[in-house]
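Trainee: Submitted below is the structure of interest, expressed as structure tokens.
No value in this document is a laboratory result; all are computed from the given coordinates. Here the structure is a predicted model, which is why all the values come from computation and not from measurement. We place every Cβ from the backbone using ideal geometry, glycine too, and count neighbours over all the protein chains shown.
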Amino acid sequence: MKKFISIVIPLYNESESLPELYKEIKKNVKNFKYEIIFIDDGSTDSSFAVLMNLKRKDKNIKIIKFKKNYGKSYALDAGFKEASGDYVITMDADLQDNPEEIPALINYLEKNDFDAVSGWKYKRFDPFIKVVSSRFFNFIVKLFTKVKLHDMNCGLKIYKKSALKNINLYGSMHRYIPVILSFDGIKFGELKVKHRARKYGKTKFGPSRFLIGLLDFFTILFLMKFMEKPLHLFGTIGILFELVGGAIILYITYLRIVFGTIMNRTPLLNFGILFIVIGFQFISMGLLGELIVGKKLRETRYNIEKIIK
């Protein structure tokens, strides 16, 4: 029985590359039952019209159209929720990811004990700043997590559908999907894939994404470790402040009892009181966090204009 694969492709202003991308995908999925899910992330060019033209030729194409540009994380999230295949394959729409790798990814996943496989752009054709920042992020991720992939943010990946059942993406978290899934015990493999230079248009990568990506990584670490128990983090910090503040107050009290004066230790007394107040605030933040988590973890924050099946 043929495996059913869902190919999820987020895009923003990629009208020139879409017909060629579709042609290449079609050529490489002949031996599979497939669906191609294009997520138009608020394109301002003719991308949606091109997709509609492709849809008329192929009933296996689905189109999700956002009302405006929300970003790749939201596009992938919508695509994952719509995917019906046994395997879900992601790739970028700019032709830099090579559809010829699809059969190899499927074969590698099936022959190994992995829940997902990430592509590794061993030889990259990207701007210098993008390559350097990517290597830096991969180094930081390896340093702080157990996920030892060479190319964390490669757009070409394959997942068992079951691996994605609990994932919710927002912000710029698409960069760290392997990290997010690893906290649920999902096993990631890695396979070298061919990478190509951009043929049409220009890269959407900008210098601001460097800082955003780094901040998002620490956000993910916090959410994955403390999202369900924020009091564990804030409470611990609060107790440390309380202990330091309490020790200072005890020392000041000792001076007052033994020597009858605090011996010009007024600034130290003020610090002790401050530490106790800060500690109480941290504990309160943790308790508030527990209340928020108990009510609702996250909301879907993108507006789908239409889904065309």
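Trainee: Name the helices (complete DSSP H segments) of the chain with a Cα length along the long axis of 18 Å or more and a Kyte-Doolittle mean of at least -0.5, or state none.
Mentor: Length and hydropathy pass: 128-144, 208-226, 230-259, 266-295.
Trainee: Under the definition of Cα pairs under 8 Å and six or more residues apart, what whole-number percent is the relative contact order of the chain?
Mentor: Once normalised by length, the contact order is 21 percent.
Trainee: Another question, if that's okay. From the backbone phi of the stretch 147-152, what are the Karplus-calculated ³J(HN,Hα) couplings (6.51 cos²θ - 1.76 cosθ + 1.60, θ = phi - 60°) in whole Hz, Gly and Pro given as x?
Mentor: 8, 10, 8, 7, 9, 4
Trainee: Antiparallel as a % of all DSSP beta bridges within the chain, to the nearest 5?
Mentor: Of the beta bridges lying entirely in the chain, close to 35 percent run antiparallel.
Trainee: Non-local amide H neighbours of Lys121 (under 5 Å, H modeled in plane, Pro and chain starts lacking H): which ones?
Mentor: Those qualifying (amide H under 5 Å, at least 5 residues apart or on another chain) are Val193.
Trainee: Take the chain, connect every pair of alpha-carbon atoms lying under 10 Å apart with a spring to form a Gaussian network, then pick out the residue of Tyr251, Tyr87, Tyr74 with the largest mean-square fluctuation.
Mentor: Maximum among the listed residues: Tyr251.
Trainee: Evaluate the charge dipole of the chain about its Cα centre and quote only its size in Debye, nearest 20, assuming +1 on the Cβ of each Lys and Arg and -1 on the Cβ of each Asp and Glu.
Mentor: Computed charge dipole of the chain: roughly 700 debye.
Trainee: If you build a Gaussian network model of the chain, linking Cα atoms that sit under 10 Å apart, which residue out of Ser15, Ser162, Ser118 swings the most?
Mentor: Residue with maximal mean-square fluctuation among Ser15, Ser162, Ser118: Ser162.
Trainee: Residue by residue through the stretch 33-42, what is 3J(HN,Hα) from phi via Karplus (6.51 cos²θ - 1.76 cosθ + 1.60, θ = phi - 60°)? Round to whole Hz and write x for glycine and proline.
Mentor: Along the stretch 33-42, the couplings run 7, 9, 9, 10, 10, 8, 10, 7, 7, x Hz.
Trainee: For an R0 of 25 angstrom, estimate the FRET efficiency from the Cβ-Cβ distance between Met52 and Ile304 and round to the nearest 0.05.
Mentor: Result of the calculation: an efficiency of 0.95.
Trainee: Follow-up question, since we're still on this one. Hey, in the GNM for the chain with a 10 angstrom Cα cutoff, which one of Asn98, Asn166, Asn13 fluctuates hardest?
Mentor: Sorting by GNM fluctuation, first place goes to Asn166.
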